[in-house]
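The values are calculated or read from the model by the stated rules, or taken from the named source; none is laboratory data. Owing to the predicted nature of the structure, the values given are computational and were not obtained by experimental measurement. Here the Cβ is made from the backbone with ideal geometry for all residues, glycine too, and neighbour counts use every protein chain on show.
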Amino acid sequence: MRAEGQSLFVDAGQVARRVVLEGVAPACAAGCAARGSGVGPDPGGAEWTCEVGGDTGLYFDLASVTKPMTAVAVVRAGIDRRTPLEELLPEVRGTASGPVALELFLAHRAGLDAHRTLYAPLVEGKAIEPAAALREAADARRPDAVGAPPEEGFAPLYSDLGYVLAGAALARAVGARDAGEAIARLVLEPLGLGGRAGTVRELEARGVRGPFAPTETVAWRGGPVVGAVHDENAWALTGRGGSGHAGIFATIDAVLAFGEAVLDALHATDELDWLVRPRPGGCLRAGFDGKSERGSSAGDRMGPGTFGHLGFTGTSLWIDPDARAVVALLTNRVCPTREHLAIRAARPPAHDALFERAMALALGPGQP
């Protein structure tokens, strides 16, 4: 992403253009935001200053950047995080996960496997039975996670299955069709983001039909996936809606606005604190990931308290609560194939550049 000794002090548009020019992804939008001077816990009433560049009008499949939105929606719904899953989702009664508290699914500590091909029947031309798929996910307990979990849960293992279940439980608790509708109702619409972020179904209901960034070419889905969620389990379970782990599409400014809202909420109240607090056994939090000490995709410049999330399609959101800064990078790196992995090397310098730009914006007009 940069030559040795070259300054990272570039604007968001330059970051996005370099991602595309260097073949990391066919499309890219980048953005950063900062509040006040960028230093200290009190912004002194300063407004957010934002900058976006690249494919700013394109709707990207956020993939797992949906997970923080699911977690925030659980908080906004007022669901007690200690509630056993089976009380919210009766289909999973009698499974290994039925008695486990909702919080542990959000924190990747429910003892579940990372993934199961719940969508397998579709590949064979058969229909999905949602209740059976949820029970399969709930019974996908790892061999090292036996019995009732301790208070902090089992050893953490990143698991989409936990968010499949948490999203279904959220939807059931608030009377929504699926997690995507619950996220729209509880998170996106209150932030004024209904036309800039949401599931394909929710966006079309508002008259928005893209443009959507294409993702992978998948033979059993008819070729290039455009305007439909890339994640196979989300597609199988919720179609044009959204699951707890994937299904939200958004423009770059909407992703930044969500990050800003999370940061503002953390400074205003303690209701989101349990989502972002560090937990034992690794950097996974609840709905978010923390910045690892070495080799973090967040880069080198954001502080140790930084938290955020990556998306498999090539998306990312990072929030530094001490610097009061947010950076986001949206790409479709899986187009035309998920085997294209250049995003791994591109993310850290891109995030560094965006963070430096955010700090310049925080200082006010006239800065480079």
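If you scan segment 301-336, which residues turn out to be under 18 Å from the mean Cα position of the chain (by Cα), of a type in the set (A, V, I, L, M, F, W, C) and in a loop (DSSP other than H, G, I, E, B)?
Of everything in segment 301-336, those that are under 18 Å from the mean Cα position of the chain (by Cα), of a type in the set (A, V, I, L, M, F, W, C) and in a loop (DSSP other than H, G, I, E, B) turn out to be Phe312, Val334.
Go through (1) surrounded by fewer than 19 Cβ atoms within 10 Å (Cβ to Cβ); (2) touching a Phe, Trp or Tyr at 6+ places or on another chain (Cβ under 7 Å) for Gly162 and report which single condition fails.
All conditions are met except number (1).
Would you call Gly5 modelled with pLDDT under 95, of a type in the set (Gly, Ala, Ser) and either part of a strand (DSSP E or B) or over 17 Å from the mean Cα position of the chain (by Cα) (or both)?
For Gly5, the condition - modelled with pLDDT under 95, of a type in the set (Gly, Ala, Ser) and either part of a strand (DSSP E or B) or over 17 Å from the mean Cα position of the chain (by Cα) (or both) - is met.
For segment 250-262, which residues satisfy the criterion of being farther than 15 Å from Ala30 by Cα and surrounded by 24 or more Cβ atoms within 10 Å (Cβ to Cβ)?
Val262
Sort out which residues of segment 84-136 are part of a loop (DSSP other than H, G, I, E, B), among the charged types (D, E, K, R) and surrounded by 20 or more Cβ atoms within 10 Å (Cβ to Cβ), and write them in order of number.
Arg109
If I filter segment 137-159 down to residues being surrounded by fewer than 20 Cβ atoms within 10 Å (Cβ to Cβ) and touching a Ser or Thr at 6+ places or on another chain (Cβ under 8 Å), which single residue comes out as farthest from Ala236 (Cα to Cα)?
Per the stated criteria, the residue is Arg141.
Pick from Ala286, Ala298, Ala358: which is closer than 26 Å to Pro190 by Cα, among the hydrophobic types (A, V, I, L, M, F, W, C) and assigned to a loop (DSSP other than H, G, I, E, B)?
Going through Ala286, Ala298, Ala358 in turn, just one is closer than 26 Å to Pro190 by Cα, among the hydrophobic types (A, V, I, L, M, F, W, C) and assigned to a loop (DSSP other than H, G, I, E, B): Ala286.
Specify the residue that is farthest from the chain's Cα centre (by Cα); the eligible residues are those in segment 206-265 that are in a helix (DSSP H, G or I) and among the aromatic types (Phe, Trp, Tyr).
So, considering only residues that are in a helix (DSSP H, G or I) and among the aromatic types (Phe, Trp, Tyr), the one farthest from the chain's Cα centre (by Cα) is Trp220.
Consider Phe307 against the criteria (1) under 17 Å from Cys32 (Cα atoms); (2) surrounded by fewer than 18 Cβ atoms within 10 Å (Cβ to Cβ); (3) not hydroxyl-bearing (Ser, Thr, Tyr): it satisfies all of them except one. Which criterion is unmet?
That leaves (2) as the condition not met.
How many residues are part of a loop (DSSP other than H, G, I, E, B) and either surrounded by fewer than 24 Cβ atoms within 10 Å (Cβ to Cβ) or of a type in the set (Asp, Glu) (or both) if we restrict to segment 176-199?
So the count comes out to 11.
Which condition does Glu152 not pass, out of (1) touching a residue at least 40 places away in the same chain (Cβ under 8 Å); (2) assigned to a helix (DSSP H, G or I); (3) in contact with a Lys or Arg (Cβ under 9 Å, 6 or more places away or on another chain); (4) not hydroxyl-bearing (Ser, Thr, Tyr), if it passes all the others?
That leaves (2) as the condition not met.
For segment 155-168, enumerate the residues that are in a loop (DSSP other than H, G, I, E, B) and closer than 17 Å to Leu85 by Cα.
Ser159
Out of curiosity, is Glu232 in contact with a strand residue (DSSP E or B) (Cβ under 9 Å, 6 or more places away or on another chain), in contact (Cβ under 8 Å) with a residue 24 or more places away in the chain and over 20 Å from Cys28 (Cβ atoms)? Walk me through it before giving the result.
Working: in contact with a strand residue (DSSP E or B) (Cβ under 9 Å, 6 or more places away or on another chain): yes; in contact (Cβ under 8 Å) with a residue 24 or more places away in the chain: yes; over 20 Å from Cys28 (Cβ atoms): yes.
In short, yes.
Conditions tested, residue by residue: (1) within 15 Å of Thr306 (Cα to Cα); (2) in contact with a Ser or Thr (Cβ under 7 Å, 6 or more places away or on another chain); (3) not hydrophobic (A, V, I, L, M, F, W, C).
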site: Leu317; (1), (2), (3): yes, no, no
site: Pro321; (1), (2), (3): yes, no, yes
site: Leu341; (1), (2), (3): no, no, no
site: Ala346; (1), (2), (3): no, no, no
site: Arg357; (1), (2), (3): no, no, yes
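Could you tell me which numbered condition His115 fails, if it satisfies all but one of (1) over 19 Å from the mean Cα position of the chain (by Cα); (2) in contact (Cβ under 8 Å) with a residue 24 or more places away in the chain?
(1)
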